[in-house]
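No lab work stands behind these numbers, since they all come straight from the coordinates. Here the structure is a predicted model, which means the values were calculated and not measured. Every residue, glycine as well, gets a Cβ built from its backbone with ideal geometry; the counts of neighbours run over all protein chains shown.
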Amino acid sequence: MANLLLEVKNLRKYFEVKGRGTLHAVDDISFSIEKGETVGLVGESGCGKTTVGNLLVGLLQATSGEIQYSGRNILELDKRERKELCRKMQIVFQDPYSSLNPQKTIHDILSEPLLVQKIAKGAALEKKIQEVCSQTNLSLELLSKYPHELDGGKRQMVGITRALTLDPELIVCDEPVSALDVSIQAQIINLLMDLQRSMGLTYLFISHDLSVVKHISRRIIVMYLGRIMEVSETDEFFENPLHPYSKALLSAVPSILKGKNIERIILEGDVPSPIDPAPGCRFCNRCWMVLDKCRKEEPPLRRFRNLNHSVACHRVDFA
Amino acid sequence: MNNTGRRLLRSKFFLIGFTICFVIMLLAIISPLIIVHSPDKANLSQRLRPPDFFKNGWAGHILGTDAMGQDVLTRLLIGSRYSLLIACIAVILSGIIGICAGMIAGYYGKWLDNLIMRLADIQLSIPTMLLAITIVAIVGPSLYNLTIVLVVTCWVQYARVIRGNVLLVRNMEFINASRVVGASDLWIMAKQIFPNVLTPCIILGSQQVGYMILMEAGMSFLGLGVQPPHPSWGVMISDGRNYIQSAPWTVIAPGVALMIMVMGCNFLGDGLRDVFDPKMKS
Amino acid sequence: MEDLLKIKDLFVEYRTMDGVSKAVNGVNLTIHRGESMGLVGETGAGKTTLALSVLGLLPKRAGHVVNGTIEYNDLDLLRKENWAALQKIRGEKIAMIFQNPLTSLNPVFTIGEQIAMVYIQHQNLSKKAAFQKAGEMLEIVGIPAYRIQDYPHQFSGGMRQRVGIAAALVCNPDLLIADEPTTALDVTIQAQVLELMRNLQDRYKMSLMMITHNLGIVAGMCETVAVMYSGKIIEYGTIENVFRNPAHPYTRGLINSLPDIKAKQGRLKPIEGMMPSPMHLPLGCEFAPRCPWSTEICLKQKPVMDNLGEKHQAACHNLATVNLKGLG
């Protein structure tokens, strides 16, 4: 497909934990993102979604697998090529407080990517900064301020503006609104959606908040303990979730439109440890539909009927 | 930043310390221009004269003379230049070494961190004076060698403090943000981490100046530092120790000067820390 | 329904080096026996301050109750004379669970010890009897009793929160105040803990004050809701009334700005601006600077709670115009 921007194949990231074993943070996942779309990556803590984001932008080294960006495997690039790739893929971090250097002015924070990549200096730099600030509607008055003088929402806007300075194609949004107040979340979500429309950006939107992901994503990937459980188009997912974990997840999300006496799926127990996981389906110890087969054999991700909807579960009727 | 200025001005420690240091620095700088007597020419006819204070105005021996007939006040002023010069150079050099060591240890961690910290531990376990005497015994006493000894013994403080601060900052997301735009390790250390650890450097530096002056005084007292006929406070105390009973002013003057200077440095350091540290914690 | 806790005209300030922060500005709230009430609002609205005031847990040097009464069983909990009585009520009749399950448990005591302590202190049981009961309590909240000897760090976040709930329910309190109890938990764990709280509320017939910024949680757990803004309650009523027909512009704005899993939403409509700093509150209505319906009187005069019908009140000068325009 000419439209494919990112293709992840059999990506794995393992950490050695001293004295305890191997932590399978990301365990053989494959997915793709088309140009201009927003893919939501959801899951709870420990599912590996943040690790996936970090692997894409080069903050972590993959243990094995391929990440194809515009046809090239970025895990095989040399240092110089990898540095160039930074211009194409950027990231917006979760914490607006620790993602900006408290000793630097907003101007310096926004200049840094341009200086590091040697794209612009002096007058050209100033022009670029003004340009990118106007795209996000960041007031130029804020340039001389320090991060602690700005509130959480403005700081996150700075983070987004910084991500745009290098004119990237793909932006990994790692829980960009989770640390913000509810009334500011809407502003940032709208900003991200506007930018996508006006600049043709592609997003990998990582979040644990299904309500936000539903709003912003066209497709959704559900992760659990380092594996992908379900991939689907968003509307289809919310109407017809196939994987038991997805059903439990949707049932657990609070909503003011849900009545009080609805059927709730309450999972038993906690998420097991990702260290040296047992064979079989990762979800089997909490699943209410578990069979013997589930404990022995790990279900592969299979396409459901002829839809753009895949699920990894032995209990789903694929006919 | 305006706020910091105001807080600094409100801190009594800072004001007193800064004033003392500033005055002494100023005197040290302009001393060659204001002295009346010669600092290093002996005049045995005038030896061990008690202080005139202001009986003969500025031309007299305000603080008396020493065993070689030299004016104590003059030697005090000129001696301050040597003491302060050595202390400042030593602080700056040991600072540079210590900061680099601390940054590398804190940023890269693992074996490099272990190596540097073990070196620091070894350094700390050797008594300073013993080390100084050993080095000087091998290479001979001189100003340069004295400075080297001071640097070698004092980089450790910096390294430890900086390493601690780097560890705090290293995992912050803005460091990751720099990595993601392609910044090299050197860039990150210089442009992102260093400004965040600059403050403890300054505080430590101002405290170290006092410590270095005392060290220099001690070494010169032992004959291992500044050599005659050049004056330094340590040399003056050393020269005067035979005359504590008969001509106490030869020892009291440099002793009090030493005390005031070190106190000033400590106050300065305390004041800076009180203003900057709470901000760092928040 | 019988009145259980009556908060009348409460004003609370924090006095710091940087100035006076007016955290609670005239709150009137009544919780009835057996009622589950949600207290919603954003960060800085004053919800936690309100909860802490009930139990006398405001920070000693900075927190000051400037005015008002909090009556429990005809006893004003804020008066100094009633301090001894408050000590007894706290933990026994009115209990509280906090947001961060990690810091609200003491790391050097086992969970058994921490629950038993409550029995020993309030019910004067012997150590043996207290541990016995602690084990039973743990089973009730879904933690196997054999874990009674484990330390807090050996539990996950969700389980720690259950321990907190167990400790709170030891004396079968009349009222449980839960301050953002599930905010730090994963969604499926949150569902477990909320389900547990629902069951326990049924079983023990206690009142619940659920403090959260998440409207969905309140909709699923509570009968009534009070919306807080800048230290005031600006709307109060049943869930149906407030969420289906929000009267106050802030409540409307809030509902319109939140992505909801069940809603078909186009573009979100954020509320412009920010909550005013509690150190510099405006003269008139606190929400006026951000309100699309504000008029002159809003900037000058603070509105009072108006009755909109059965169990629905809101504090706004322009209720009529706001309601005519429909939702959003």
Taking a ≥ b ≥ c as the square roots of the Cα gyration tensor eigenvalues, with a/c under 1.5 meaning rounded and otherwise prolate when a/b beats b/c, else oblate, which class fits segment C:267-328? oblate
Under a point-charge model restricted to the Cβ atoms of Lys and Arg (+1) and Asp and Glu (-1), what is the dipole moment magnitude of segment B:2-281 relative to its Cα centre, in debye to the nearest 20? 580
Counting helices only, and only those DSSP H runs with n ≥ 4, report the 222 nm mean residue ellipticity of chain A as the sum of -39,500 (n - 2.57) divided by its residues, in deg cm²/dmol to the nearest 500. -9000 deg cm²/dmol
Kirkwood hydrodynamic radius of chain C from all distinct Cα pairs, in Å? 20.9
For the cross-link pairs A:88/A:127; C:8/C:133; A:88/B:110; A:258/C:8, which exceed 28 Å when the distance is taken from alpha carbon to alpha carbon? C:8/C:133; A:88/B:110; A:258/C:8
For segment B:183-191, 3J(HN,Hα) per residue [Karplus equation, 6.51 cos²θ - 1.76 cosθ + 1.60, θ = phi - 60°, Hz, x = Gly/Pro]: 5, 7, 4, 4, 4, 4, 5, 6, 9
Tell me which aspartates and glutamates have Cα within less than 14 Å of residue A:35's Cα, excluding those fewer than 8 residues away on the same chain? A:7, A:169
Taking a 30 Å limit on the Cα-Cα distance, which of the listed pairs A:104/C:47; C:205/C:311; A:13/A:83 fall beyond it? A:104/C:47
Just to be sure I follow: if Rg is taken over the C-alpha atoms of segment A:159-259 and Rh is the Kirkwood radius over the same atoms, what is Rg/Rh? 0.98
Taking 0.36 nm per residue of sequence separation and subtracting the Cα-Cα distance, how much length would be gained by fully extending the chain between residue C:280 and residue C:88, in nm to one decimal? 65.4 nm
In deg cm²/dmol, rounded to 500, what helix-only [θ] at 222 nm does chain C give when every DSSP H run of at least 4 residues adds -39500 (n - 2.57) and the total is split over its residues? -9000 deg cm²/dmol
Could you give the semi-axes, largest first, of the ellipsoid that matches segment C:94-189, computed as the square roots of 5 times the alpha carbon gyration tensor eigenvalues and rounded to whole Å? 20, 15, 11
Scan around residue A:91 for amide H atoms under 5 Å from its own, H built in the peptide plane at 1.01 Å from N, and keep only partners 5 or more places away or cross-chain. A:172
Please compute the volume of the convex hull spanned by the alpha-carbon atoms of the protein assembly as shown and report it per residue in Å³. 243
Tally the DSSP beta bridges in the protein assembly as shown and give the antiparallel ones as a percent, rounded to 5. 65
With a point put 7 Å past each Cα toward its Cβ, work out how far residue A:18 is from residue A:97 in nm, to one decimal. 2.9
How many angstrom lie between the C-alpha centres of segment C:152-179 and segment A:170-226? 33
Computed P(r) (all Cα pairs; segment A:86-201; 5 Å bins; percent): 2, 12, 24, 26, 23, 10, 2, 0
List, largest first, the extents of the alpha carbons of chain A along their principal axes, each in whole Å. 67, 50, 44
Placed amide H near residue A:40: partners under 5 Å, 5+ positions off or other chain: A:205, A:218, A:219, A:220, A:221
Gaussian network model of chain B, springs between alpha carbon atoms under 10 Å - residue of B:182, B:240, B:264 with greatest fluctuation: B:182
Summarise the partner chain shielding of B:167-176 as one whole number: the mean count of Cβ atoms from other chains within 10 Å of each residue's Cβ. 5
Kindly provide the helix-only [θ] at 222 nm of chain B, computed as the sum of -39,500 (n - 2.57) over DSSP H runs of four or more divided by all residues, to the nearest 500 deg cm²/dmol? -24500 deg cm²/dmol
To two decimal places, what compactness ratio does chain B give when its Cα radius of gyration is scaled by 2.2 N^0.38 Å? 1.18
What distance in nm separates the simple spin-label points at residue B:56 and residue C:43, each placed 7 Å from Cα in the Cβ direction? 7.4
Got a sec to turn the phi values of segment A:181-198 into Karplus ³J(HN,Hα) couplings, 6.51 cos²θ - 1.76 cosθ + 1.60 with θ = phi - 60°, whole Hz, x for Gly and Pro? 4, 4, 6, 8, 3, 4, 4, 5, 4, 4, 4, 4, 5, 4, 4, 5, 5, 6
Value of D in µm² per second that Stokes-Einstein yields for segment C:1-139, Kirkwood Rh from Cα pairs, at 20 °C (1.002 mPa s): 126
Coordinate range along principal axes, alpha carbons of segment B:190-282, Å, largest first: 56, 24, 15
Most packed first (mean Cβ within 10 Å per residue), the peptides B:36-42, C:37-43 order as C:37-43, B:36-42
Averaged over peptide C:263-269, how many Cβ atoms belonging to another chain are found within 10 Å of each residue's Cβ? 4
Through the Karplus equation 6.51 cos²θ - 1.76 cosθ + 1.60, θ set to phi - 60°, convert the phi angles of segment C:66-75 into ³J(HN,Hα) values in whole Hz; use x for Gly and Pro. 8, 7, x, 10, 10, 9, 10, 6, 6, 10
Between residue A:9 and residue B:190, take the C-beta separation as r, use R0 = 25 Å, and let me know the FRET efficiency to the nearest 0.05. 0.10
Other-chain or far-sequence residues with amide H under 5 Å of residue A:229's (modelled H): A:222, A:223, A:224
On average, how many beta carbons from a partner chain sit within 10 Å of the beta carbon of a residue in C:310-323? 0
For segment A:103-167 the translational diffusion coefficient, Stokes-Einstein from a Kirkwood Rh over Cα pairs at 4 °C and viscosity 1.567 mPa s, in µm²/s, is roughly 112
